[in-house]
């Protein structure tokens, strides 16, 4: 079973499911329970429910070489395993109706979306607000170099020639807020580990964006309804200052 993080009424629900379709049913059931608690007819909840499926891209070439990339002009493709993971995601998504797929300017997210939605008439949109963190002069350096810099600095400190972790968090919050304002009801977001991690932890009410969930697997779907995503936006902005 794969864990799917769903949120209803602004609260996180961890859903153990063998399929994304089953996870959506679990999330819908959670919203019915919330409707009953709030004395709102379940049909009214269902009619206005939005579903957001957040996914980290498939394994990339730099995942294997353990190097960082925050410049979308640098082409980084998927590995063979990453393409296999993306095809497996297609099976997860097969039973779920989608109105829109959003991905970033990075090739690895675009390619993941292409494979996952092959043959489906789902429109794609590029959203730079979900781009990976701009690490400036650390571009192409090792993950250990990146982590060492993080340990020696605060979240508000900018990477040399780049942005800070808090800058990125505020950018991601803006991106999610824009999603909430869109008319589409079911949206797939293929992005990067950090925006997914921040959304999961913020929606769960964590006091830090990097935990308790930290390692986000490739091509694993995480489910949010609009209340959960709105909660994530609010918490991300609060924690990023």
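Considering the range 113-131, the residues that are more than 16 Å from the chain's Cα centre (by Cα) and assigned to a helix (DSSP H, G or I) include one that is farthest from residue 87 (Cα to Cα), namely 114.
Residues checked against (1) touching a residue at least 60 places away in the same chain (Cβ under 8 Å); (2) touching a helix residue (DSSP H, G or I) at 6+ places or on another chain (Cβ under 8 Å):
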position	(1), (2)
95	yes, yes
102	yes, yes
107	no, no
118	no, yes
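Tell me which residues, restricted to the range 189-210, are touching a residue at least 60 places away in the same chain (Cβ under 8 Å) and closer than 19 Å to residue 154 by Cα. Hits for the range 189-210 are 194, 195.
Read-outs: derived from the displayed coordinates by stated rules, not from any lab. Because the structure is a prediction, the values reported are computed rather than measured. Because the Cβ atoms are built from the backbone with ideal geometry, glycine has one as well, and the counts that use them run over all protein chains shown.
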